[in-house]
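If you scroll down you'll find the structure; I have some questions about it.
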Amino acid sequence: MDLRMPVMDGTETTRRLCEQYPQVAVVVLTTFADEDSILGALGAGARGYLTKNAGRKDITRAIRAAAAGQSVLDREVQDRLLATVRNTGTATATATATTSTTTANGPVPGSDLPEDLTRREREVLALIGQGLPNREIAEKLFISEATLKTHINNLFAKAGIPDRAAAVRRAIEAGLA
């Protein structure tokens, strides 16, 4: 999937494909490696993200991995995501009260999220962070898509998350994805 296309962009096309046909695995192949493009595509459900610098072997590996339910990000994309997470640190944190819990092995995943998030809302955030579309999340949690949307709305409101791309970022920052 390319991201810049006429009529409908690749992110929206990916979102629709993943919602309507959850068995379809989308791999993005594009010249764009900026944070918004990457997070938008992954948040829409793409299982892989490669820049057009990728060779045949990389593309083949990404397609096979996506078909097997795995995710592949090329090095440039990985580096961009890591830089984004490191640079944003707590800058994207909301004014919502949060706690930081640590163990001998470091921070507990998800401990920097609002205390009032339910276990289910944390599960939903983790699955959004993995780039799963709503239909797959609902199936994994054995709930309807309508119930899932209620959880997502509550999660976004409590954590001050404006959109799905920000949710992916927040899940990564919290160590849930």
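Counting each DSSP H run of 4 or more residues in the chain as -39500 (n - 2.57), what helix-only mean residue ellipticity at 222 nm follows after dividing by all residues, to the nearest 500 deg cm²/dmol? Could the numbers behind the result be given before it?
Numbers: 8 runs with 91 residues, N = 177.
Per the formula, -15500 deg cm²/dmol.
Lys and Arg at +1, Asp and Glu at -1: add these up for the other residues within a Cβ distance under 15 Å of Glu121 and post the number.
Spelling it out: positives minus negatives among the neighbours equals +4.
Heavy atoms only, probe 1.4 Å: what % of the accessible area of the chain goes to carbon and sulfur, would you let me know?
Summing carbon and sulfur atoms, their accessible area is 51 percent of the total for the chain.
Let me ask something else. Using only the heavy atoms of the protein chains and a 1.4 Å probe, how would Asp163, Asp2 rank by accessible area, largest first?
Descending order: Asp163, Asp2.
Still on this structure, please answer the following. What does the charge add up to near Asn154, with Lys and Arg as +1, Asp and Glu as -1, over the other residues with Cβ less than 11 Å from its Cβ?
That works out to +1.
Counting only DSSP beta bridges with both residues in the chain, what percent are antiparallel, rounded to the nearest 5?
Of all bridge pairs located within the chain, approximately 35 percent are antiparallel.
With all protein chains present and a 1.4 Å probe, how do Thr30, Thr147 order by accessible area, largest first? Display every interim value, and only then the final one.
On the way: Thr30 0, Thr147 60 Å².
Result, largest first: Thr147, Thr30.
Shifting gears a bit: Please return the longest stretch of the chain lacking exposed loop sites, where trypsin sites (Lys or Arg not before Pro) count only if DSSP places them in a loop and at most 15 other Cβ atoms lie within 10 Å.
53-177
Got a number for the accessible area of Ser37? Probe 1.4 Å, square angstrom, nearest 10.
Around 10 Å² of this residue is reachable by solvent.
The values are calculated or read from the model by the stated rules, or taken from the named source; none is laboratory data. Model, not experiment: these values are computed from the prediction. Please note: Cβ atoms are built from the backbone with ideal geometry, for glycine as well, and neighbour counts cover all protein chains shown. Side chains included, ligands, DNA and RNA excluded: accessible areas come from the protein's heavy atoms. Shrake-Rupley method; radii C 1.70, N 1.55, O 1.52, S 1.80 Å.
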